[in-house]
1. Can you check what the Kirkwood hydrodynamic radius comes to for region 35-118, Cα pairs only, in Å to one decimal?
2. Determine which residues of region 15-42 fall in the zone a paramagnetic label at residue 83 would reach in this model, i.e. backbone nitrogen under 19 Å from the point 7 Å along Cα→Cβ.
3. Treat region 11-82 as a sphere of radius equal to its Kirkwood radius over Cα pairs and apply Stokes-Einstein at 4 °C in a medium of 1.567 mPa s; give the translational diffusion coefficient in µm²/s, rounded to a whole number.
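Derivation of every value follows stated rules applied to the coordinates shown; laboratory data play no part. These numbers were taken from a predicted model, which means no experiment stands behind them. Note: ideal-geometry Cβ built from the backbone for every residue, glycine included; neighbour counts use all protein chains shown.
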């Protein structure tokens, strides 16, 4: 039995994972799972944004998830076998930077909201 994630060829093609695999050197199954993981994350952010008041703990969830995502991306970049292509490494690095910027912006928003409530 294989230790690799199996997915349908249709789903890989629909998400563009097969085409990206050859460009980035990142397995299509990993690209597909990573892409699909954004749907519940985006749904959570949408739910959170529509709340009249955001509990602090609920705001910490995306901050922590973004930092963990960045760590996982870096761990993959340094431990992947075979290594991603040069374009794949640039893709991962830009992805990590973007995710950490989002985490920082969320943290700044959380601090400002706490300062407004305290005032």
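1. Computed over region 35-118, the radius equals 14.3 Å.
2. Hits in region 15-42 for residue 83 at 19 Å: 21-27.
3. The calculation lands on 92 µm²/s.
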